[in-house]
Amino acid sequence: MRSLILLLFWLKVGNIFAQSIEVPVDYSNPGLGKFDLEYEFGSEFDPAKPTVIVIADAQQFYVSKGRVKKIQEELFGDLFNVLGIITRGNNQELRNKVTTDDGETDWDKAYSIFQSFQYVNDIHSAINQVVKNQEDVYLYGQSGGAFLITEYLSVFPDSQVKKVFIGATVNPSVEAQLGLNHDNFQREFLAENQFAQMQLEQIIEENYFSRELVAQLFQRQNFFVEKSGLNAARTELMEKLYRKDTASINSYIKDYQINALNGFLASDFGIPIRVRLAEFIYPIMERLNSSESKFYPDLENSYHIALPVLNKKDETMREIQIPFNQDKLREFNGEVFILSARYDHVADYRSSVYLSGVLKNCKLFLVDDDHTFKRLKSNDNYAKIIQDFFTQNGEIVVSRYDKYRWKEK
């Protein structure tokens, strides 16, 4: 009896946490075979409830094995079925396919297997095979995951998806088209601080600390310092770099988890991340190439990470194909809610304004917040906004949470 109970328990857990579908390794070359794309439900599936599919891209790992239950509890509650696609970047078999016998990465293969075109088709496979009979299918994604959703809808605008929530959506294609630059380091710090500009020029010229490290320090600072104290923290860091204060810089490296991040990127888990960041930086490379005297830590950091993908063996630059197509995106008929933050240092809010005009049935909510929506999350309003949109509509959400809307001061 005990064995039977354990077996039934395992089957129930397996039904929620250990499922997979067979999909092509490369959708453009089916002859390369298939692999098991894993997915999880956050709780036992209820066909009477709408299904929200949580989308992560290649540089996001929060949708991982055993974690979808927590995502459901934190963001969605018990009103929905919550389905998380464990991305192909988590698949060891695929990472092995792009690693040579001597431990090197074959970046041609890596780009083919881990480009967003494959992730887009994985989403469509999951919809067609896992929730194909479900009447109400919704998508949720933030940052790179939000961009991946717009890429998906560009390729499959006739998808059965009815509602889409995207937050802090990165969109380098729109940035390039509009001439935007989300990296605010120049306009919000150096433009207001000529002494810091002078210090930076000397720091880069002397190269006591590499330009790559300097870019990484200022880029990581955005995630560890509140917006209100960011420029003061930038001034302090610049002073430490200028004075060649190695002890303090080593402390920053530790506090900003730079060595841990570099170690992760050097592992095979870093392969799909580098491919995705190549997709982020490629459309806006001209910004770096035409502004050699300018220092953009966010852009330079992405460029350095993506460099193995961007540079082919023959030292020519790889042409990066991004499936985002705004003309096809216009054909999507579902309801879309875009949550954007005025002080987002990663995703320029102006690209979200543009996207809201491209989509047929879209509500944009621009809030007084940052990339991670710290203000909204501090009292659970981020989750409430998501739930209110999926259970009601965008108009009600904007009206209900108006006090968080960004207003010109």
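Based on the Cα gyration tensor of the range 139-228, what are the three equivalent ellipsoid semi-axes, each the root of five times an eigenvalue, rounded to whole Å and given largest first?
Semi-axes (√(5λ), whole Å): 37, 14, 13.
With θ taken as phi - 60° and the coefficients 6.51, -1.76 and 1.60, list the Karplus ³J(HN,Hα) couplings across the range 384-390 in order, rounded to whole Hz; mark glycine and proline as x.
5, 4, 4, 5, 5, 5, 5
Taking Lys360 as the anchor, which lysines have their alpha carbon closer than 18 Å to its alpha carbon, excluding any fewer than eight residues away along the same chain?
Reachable lysines: Lys162, Lys163, Lys328.
Note the per residue figure in Å³ for the convex hull of the C-alpha positions in the range 336-409.
Normalising the Cα hull of the range 336-409 by residue number yields 88 Å³.
Rank these residues by their accessible area, most exposed first, probe 1.4 Å: Leu261, Leu148, Leu32.
Leu32, Leu261, Leu148
Quick one: what are the phi-derived ³J(HN,Hα) couplings along the range 301-309, Karplus 6.51/-1.76/1.60 with θ = phi - 60°, whole Hz, x for glycine and proline?
5, 4, 4, 5, 5, 7, 3, x, 7
In Å and whole numbers, how far do the C-alpha atoms of the range 274-409 stretch along each principal axis, longest first?
55, 35, 24
Summing +1 for each Lys or Arg and -1 for each Asp or Glu, what net charge is found among the other residues whose Cβ lies under 13 Å from the Cβ of Glu236?
Net of charged neighbours comes to 0.
Could you do me a favour and compute the accessible area per residue for the range 77-129, 1.4 Å probe, result in Å²?
Accessible area per residue, the range 77-129: 37 Å².
Enumerate the calculated ³J(HN,Hα) couplings along the range 178-185 in order (Karplus 6.51 cos²θ - 1.76 cosθ + 1.60, θ = phi - 60°), each rounded to whole Hz, writing x wherever the residue is Gly or Pro.
Whole-Hz 3J(HN,Hα) from phi for the range 178-185: 8, x, 8, 9, 6, 6, 8, 4.
Could you give the size of the charge dipole of the range 78-155 about its Cα centre, using +1 on the Cβ of each K and R and -1 on the Cβ of each D and E, expressed in debye and rounded to the nearest 20?
140
Taking a point 7 angstrom from the Cα of Leu79 along the C-beta vector, which residues in the range 371-394 have backbone N less than 14 Å away?
Counting backbone N atoms under 14 Å from the label point, the list is 381-394.
State the dimensionless ratio Rg/Rh of the chain (Rg: radius of gyration of Cα atoms; Rh: Kirkwood radius).
Ratio of gyration radius to Kirkwood radius: 0.98.
Could you please state how large a percent of the accessible area of the chain is carbon and sulfur, counting protein chains only and using a 1.4 Å probe?
Reported share for carbon and sulfur atoms: 48 percent.
All other residues with a Cβ under 10 Å from the Cβ of Asp136 taken together, and with Lys, Arg as +1 and Asp, Glu as -1, what is their net charge?
Here the count lands on +2.
What full-extension length gain, to one decimal in nm, is calculated for Asn262 and Lys403 as 0.36 nm per residue of separation minus the Cα-Cα distance?
Working it through step by step, the gained length comes to 46.8 nm.
Between Rg and the Kirkwood Rh of the range 140-290, both from Cα atoms, what is the Rg to Rh ratio?
Expressed as Rg/Rh, it is 1.02.
Just from its helices, what would the mean residue ellipticity at 222 nm be for the chain, if runs of 4 or more DSSP H residues each count -39500 (n - 2.57) and the sum is divided by every residue, rounded to the nearest 500 deg cm²/dmol?
-14000 deg cm²/dmol
Taking the Cα centre of the range 30-173 as origin and charging only Cβ (+1 Lys, Arg; -1 Asp, Glu), how large is the dipole, in debye to the nearest 20?
The calculation lands at about 240 debye.
Can you give the net charge of the other residues whose Cβ lies under 9 Å from the Cβ of Val336, counting K and R as +1 and D and E as -1?
Neighbour charge sum, excluding Val336 itself: +2.
Considering the alpha-carbon set of the range 285-357 alone, what are its Rg and its Dmax in angstrom?
For the range 285-357, the Cα radius of gyration and maximum Cα-Cα distance read 16.2, 46 Å.
Going 7 Å from the Cα of Met198 toward and past its Cβ, which residues in the range 229-247 have a backbone nitrogen under 18 Å from where you end up?
Answer for this model: 235-244.
Looking at the chain as a GNM with Cα springs under 10 Å, which of Gly31, Gly66, Gly84 has the largest mean-square fluctuation?
Taking springs between Cα atoms under 10 Å, the residue moving most is Gly31.
The values are calculated or read from the model by the stated rules, or taken from the named source; none is laboratory data. This structure is a prediction, so every number in the text was calculated from the model and none was measured. Here the Cβ is made from the backbone with ideal geometry for all residues, glycine too, and neighbour counts use every protein chain on show. Side chains included, ligands, DNA and RNA excluded: accessible areas come from the protein's heavy atoms. Shrake-Rupley method; radii C 1.70, N 1.55, O 1.52, S 1.80 Å.
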